[in-house]
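This report refers to the structure that appears directly beneath it.
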């Protein structure tokens, strides 16, 4: 399932599709379909098997959150048994978000050509169904360095006789004919995003900075970019981890210079994304790293896989130094409480004045990735520094779902603080109107049903991205039936959160 890459070189004489095949052909023309090439090789061909495989991969991926609006992902592209668990860590972020278009940047493994090839298709087909190719694909193909899917020299992969489509006549191969790097991402998108339009691109010998400048003009808030790449290839396990650590660090630092020297078969799509991120002010967060030695056990010669999210940061009220102060206060409080030594001594004059402002806040404790306690106040009732001390104590000792935290646990516990804006009522006239107005991953939700009330922080959307399921669960948390949020008289308030944890510092 691990394809061997063909070194790229500029080849003069690649032929573009004839003009009559360009997007926008007459209404009587048959649909141009990009058929699946690696179904049954890199991922299951049977739709039911594929759906179950994706469900299992996504269910086993650790829920993640980002402090901003998700704009792009880096995902690996080997066979699902090898890289699927890592890719799922990235795609776990997608459900509940609203994207109309996905720009999918793959890297050529078999074709040699100049430019970035835009698929000459109206439909992109996988066993899960057909995805419409966006009209933006045709627009992009008109701008250098993008080109409409050219015929060019192609080295057919050794698995080509087992491909899931019929081979074209000799000389008719294109960058899309056998390419797996983009294709393996599409079923994940179908499963996590549902309805969207695709802009499929395969990169050849091309300037990634020039790609980024053109792509920037195509972006809007309803567009997601996916850059497909594996990392180092065929090194012993420990050496691969060392090489890949440097590569992931370069990516997350948006360090173009360092990335140019890294070993990654999708280096060009990744570089294009880094240039774009620098231009747009995005940040990167690593979500998962493993190699085939972790997923397939053979550690003698492995391939590296990373999942990385790029996001537009939400506005921040607290500097890094201030965040560290608040986390330090929560940590000090936790130590004192666990040791039954009372609350920490607080000198308010040692804090910035903004810490004295009244704020709602939650303190969340986790151990080994699992919730260990979470208590807070929604309304701004007392100065922030006092609220953090009190909520750290309550999360450690008085969360009814857990036993009190013991001193021996402190080294395993991680602290996260969420500072809330003041909740405001959300106006809606029906259950469907309420669903349309909720913003997954952005809004915390307070649900009031009769005299009962419950809230979920925005971070909970990463675990329950479906709006109906989110409100069903919140209704039960309030002690009501799952569907009680649909009843007349239900009230909803929303708020936003600035959250930061010790692992972020």
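The values are calculated or read from the model by the stated rules, or taken from the named source; none is laboratory data. This structure is a prediction, so every number in the text was calculated from the model and none was measured. Cβ atoms come from the backbone with ideal geometry, glycine included; neighbour counts cover every protein chain shown.
Quick look at the numbers
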read-out: Given (1) buried (at least 18 other Cβ atoms within 10 Å of the Cβ); (2) under 14 Å from the mean Cα position of the chain (by Cα); (3) outside any loop (DSSP other than H, G, I, E, B), number of the condition residue 50 does not satisfy; value: (2)
read-out: Qualifying residue in region 366-388 (condition: touching a residue at least 60 places away in the same chain (Cβ under 8 Å), under 31 Å from the mean Cα position of the chain (by Cα) and surrounded by fewer than 19 Cβ atoms within 10 Å (Cβ to Cβ)); value: yes
read-out: Those residues of region 411-440 which are farther than 24 Å from residue 465 by Cβ and in contact with a helix residue (DSSP H, G or I) (Cβ under 6 Å, 6 or more places away or on another chain), in sequence order; value: 415
read-out: Candidates 94, 38, 86, 4, filtered to the one that is modelled with pLDDT of 95 or more and over 15 Å from residue 288 (Cβ atoms); value: 38
read-out: Residue list for region 364-382, restricted to those being outside any loop (DSSP other than H, G, I, E, B) and out of contact with any strand residue (DSSP E or B) (no Cβ under 6 Å at 6 or more places or on another chain); value: 370, 371, 375
read-out: Scope region 275-300; condition without any contact (Cβ under 8 Å) to a residue 24 or more places away in the chain and either under 17 Å from residue 75 (Cβ atoms) or buried (at least 20 other Cβ atoms within 10 Å of the Cβ) (or both); matching residues; value: 294
read-out: Given (1) over 22 Å from the mean Cα position of the chain (by Cα); (2) assigned to a loop (DSSP other than H, G, I, E, B), index of the condition residue 442 fails; value: (1)
read-out: Tabulated pairs, region 448-475, first more than 21 Å from residue 371 (Cβ to Cβ), second assigned to a helix (DSSP H, G or I), C-beta under 8 angstrom, 6+ apart or interchain; value: 449/475; 449/484; 449/485; 467/435; 468/435
read-out: Residue within region 258-279 that is assigned by TED's automatic domain parsing to the domain that holds residue 201 and under 25 Å from residue 60 (Cα atoms) present; value: no
read-out: Which numbered condition residue 478 misses (of (1) under 30 Å from residue 285 (Cα atoms); (2) crowded, with 18+ Cβ neighbours inside 10 Å); value: (1)
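Condition check ((1) modelled with pLDDT of 95 or more; (2) assigned to a loop (DSSP other than H, G, I, E, B)) across all residues:
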| residue | (1), (2) |
| --- | --- |
| 289 | yes, no |
| 297 | no, yes |
| 318 | no, yes |
| 332 | no, no |
| 335 | no, no |
